[in-house]
Amino acid sequence: MGRIVAVVTLDDQKVGGGAPIFVAGSPEEQQQTAFKLEKILDAAAHDLQNGTFIIVDHSSGA
């Protein structure tokens, strides 16, 4: 099971919770931010197809 470590969204009114939330100004910025976080955090970016990406740590220790 994974753990959500970040959220990248186009609409901050649609998300909440304990993970850091990054609000992008465009779909291109959103995708770039999600993929950079994916690499930096050694995690996986998942596009929820609703204007939100979640970055999930799937490592065994999470």
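One table, with the values for the structure above:
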{"item": "Within-13-Å neighbourhood charge of G2 [Cβ basis; K, R +1; D, E -1]", "result": "-2"}
{"item": "Per-residue HN-Hα couplings for the stretch 28-35 [Karplus 6.51, -1.76, 1.60; θ = phi - 60°; Hz; x = Gly/Pro]", "result": "5, 5, 4, 5, 4, 5, 4, 6"}
{"item": "Sequence of S26, S59 when ordered by accessible area, the most exposed leading, probe 1.4 angstrom", "result": "S59, S26"}
{"item": "Per residue accessible area of the chain, 1.4 Å probe, in Å²", "result": "66"}
{"item": "Nonlocal amide H pairs with F22, under 5 Å, H built at 1.01 Å", "result": "V7, V8, T9"}
{"item": "Counted charge near A34, where neighbours are those whose Cβ lies closer than 13 Å (Asp, Glu -1; Lys, Arg +1)", "result": "-2"}
{"item": "The chain - charge dipole about Cα centre, Lys and Arg +1 at Cβ, Asp and Glu -1, debye rounded to 20", "result": "140"}
{"item": "Simple label model, 7 Å out from Cα along Cβ direction - I4 to E29, nm", "result": "2.2"}
{"item": "Dipole axis of the stretch 1-49 (+1 Lys, Arg; -1 Asp, Glu on Cβ), positive-most option in Q13, A43, G25", "result": "A43"}
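The values are calculated or read from the model by the stated rules, or taken from the named source; none is laboratory data. Remember, predicted model here, so these are calculated numbers, not experimental data. Positions of Cβ are generated from backbone atoms using ideal geometry, with glycine treated the same way; all protein chains shown enter the neighbour counts. We work out accessible area using only protein heavy atoms, side chains counted, and drop any ligands, DNA or RNA first. Shrake-Rupley method; radii C 1.70, N 1.55, O 1.52, S 1.80 Å.
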